[in-house]
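See structure below.
The values are calculated or read from the model by the stated rules, or taken from the named source; none is laboratory data. Every value quoted in this text rests on a predicted model; they were computed, and no experiment measured them. All Cβ positions, even for glycine, are placed from backbone atoms using ideal geometry, and neighbour counts span all protein chains on display. Only protein heavy atoms, including side chains, enter the accessible area calculation; ligands, DNA and RNA are left aside. Shrake-Rupley method; radii C 1.70, N 1.55, O 1.52, S 1.80 Å.
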Amino acid sequence: MAKSSRMVLSVGAGFLLILVGVGLMAAYGLATNFFQTPWFIKFALPAMYYVGSLFVGVGILFFFIREKVWRCEHCREVRKR
């Protein structure tokens with residue numbers, strides 16, 4: 001058995017969170033600079049930006065969370081350390 005590590009969370013979910021976060025932040029930038037948004041939507045725009053930045057942060061975190069495991073090269077067995 002050799003020391004190794006494996007990803008705990010999904011890479012696809014991390015990419016999806018990053019894309020949604022970037023989309024929310026881009027929508028905030030477009031809405032504040034290029035579009036004339038109604039007054040009731042202007043109150044939600046900062047929240048959209050903050051939620052987008054949180055999604056990007058959590059999506060990036062998905063790539064760094066790993067679990068330490070023991071891995072057997074012969075039988076491909078994996079056990080927690």
Conditions (1) closer than 30 Å to Glu67 by Cβ; (2) open to solvent by 80 Å² or more (accessible area, probe 1.4 Å); (3) free of Cβ contacts under 8 Å to residues at least 40 places away in the same chain: number failed by Gly12:
(2)
Name the pairs whose Cβ atoms lie under 9 Å apart, with the first residue in region 42-54 and within 19 Å of Leu16 (Cβ to Cβ), the second modelled with pLDDT of 95 or more and of a type outside the set (A, V, I, L, M), and 6 or more positions between them or separate chains?
Val51/Gly21; Gly52/Gly21; Gly52/Gly23; Ser53/Gly21; Leu54/Gly21
Cβ contacts < 8 Å: first residue surrounded by 15 or more Cβ atoms within 10 Å (Cβ to Cβ), restricted to region 19-30; second residue of a type in the set (Phe, Trp, Tyr) and assigned to a helix (DSSP H, G or I), any location; separation 6+ or different chain. Result?
Val20/Phe55; Gly21/Phe55; Leu24/Tyr49; Leu24/Phe55; Met25/Tyr49; Tyr28/Tyr49
Return yes or no: is Phe64 modelled with pLDDT of 95 or more, among the aromatic types (Phe, Trp, Tyr) and either at positive phi or open to solvent by 60 Å² or more (accessible area, probe 1.4 Å) (or both)?
no
So Gly12, is it more than 30 Å from His74 (Cα to Cα) and at pLDDT 90 or above
no
Some residue of region 46-53 being in contact with a Phe, Trp or Tyr (Cβ under 9 Å, 6 or more places away or on another chain), in a strand (DSSP E or B), open to solvent by less than 90 Å² (accessible area, probe 1.4 Å) and not hydroxyl-bearing (Ser, Thr, Tyr)
no
